[in-house]
Every structure is written in C-alpha cells, then in structure tokens.
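In what follows, a structure is listed as structure tokens, so that the remarks can point back to it.
What follows is calculated from the coordinates using simple rules that are stated; it is not laboratory data. These numbers come from a predicted model, not from an experiment.
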Amino acid sequence: MTLEEIEQVEKRLTIQLTNTYKEFQLNYPAELIELNLHEEYFIHNSDYLIEINEMLRSGGLPHDYLVIGNDMAGNYYFMNINDLEPLVYYMDHDANYDTDGDDFSSWEEVIEKYFTVEFEDLQQFSKWLVYFYSRQR
C-alpha cells in the first residue's frame with residue numbers, strides 16, 4: 001500500500017491506524033507478494049481492506065478492530081487499532097461461541113473469552129504466512 005492508500009483507508013473507515021501497521025504496509029514483505037497471498041491472507045489491497053471491514057462492521061464488529069486478513073475459509077485475522085503494538089487475533093467462524101447466559105457489556109469481553117491471540121505482532125504473523133504457505137506449494 002502507498003501512503004495515499006493508507007490515508008484513504010483511515011478516512012473511509014474513520015480510524016487512525018497504528019504506526020506499526022502503516023510501516024508494515026509501506027514495507028510489505030516481498031515473500032508474501034511472491035507467494036501471491038497478499039490479496040486475501042494478509043490484506044494489502046486498500047479497496048479490499050475497506051470493503052471487508054465495512055461488511056463486518058455492518059454485522060457488529062466494533063470500529064476499534066480492523067480485519068487484516070482471512071484464511072479463505074471464513075475465518076478472520078484482526079487487531080485492535082488502539083493498541084500501540086497490536087496482537088493479531090483469530091476468529092474461527094466454526095467455533096461454538098456459546099454466549100447463552102453470558103452478560104457481556106462489550107465486544108472486548110466477547111473477544112477476550114472466545115477469540116484466540118494467534119500472533120504477538122504483525123512480523124510474526126507474516127513470517128508464519130510465508131512459512132506455512134510456501135510449504136503448501
């Protein structure tokens with residue numbers, strides 16, 4: 001992504017992206033581009049990033065969270081944009097999120113209880129993508 005595209009994402013989604021995320025997008029790992037995974041697994045296309053986040057927001061995803069990728073099976077990777085060094089969470093759409101009887105006051109409580117911290121940072125996430133998907137070929 002270019003700086004102009006990043007600014008367009010911020011404007012359209014009415015968010016302020018972290019410097020870490022901006023730097024990652026501006027210096028996108030060549031290995032991910034070579035694997036041709038960048039359009040889906042880790043979203044590097046600004047139009048698609050806006051589209052997928054607007055769609056999930058219409059379903060209730062809070063504005064503090066940004067979907068940054070998916071595994072093509074309906075599961076999403078996302079981060080909290082308010083965290084200076086955001087964790088990468090994984091949302092498994094097949095998991096049984098039994099919220100009956102739970103009284104959640106915020107989406108953060110749902111995320112904390114049911115979603116997985118998959119990676120400690122964006123670099124770890126991209127290294128895993130390169131490792132895992134290069135072995136699939």
Original post:
Check Gly69: other-chain or 5+ apart residues with amide H under 5 Å from its amide H, H built from backbone geometry?
Top reply: Ile43, Tyr77
Subject >> Sequence-distant residues sharing a close amide H with Thr18 (under 5 Å, placed H) >> reply: none
Subject >> Amide H partners (placed H, <5 Å) of Asp121, local residues excluded >> reply: Val88
Subject >> Rounded to whole Hz, the Karplus (6.51, -1.76, 1.60) HN-Hα couplings of segment 15-30, x for glycine and proline >> reply: 9, 10, 6, 5, 4, 4, 5, 4, 4, 4, 5, 5, 10, 4, x, 4
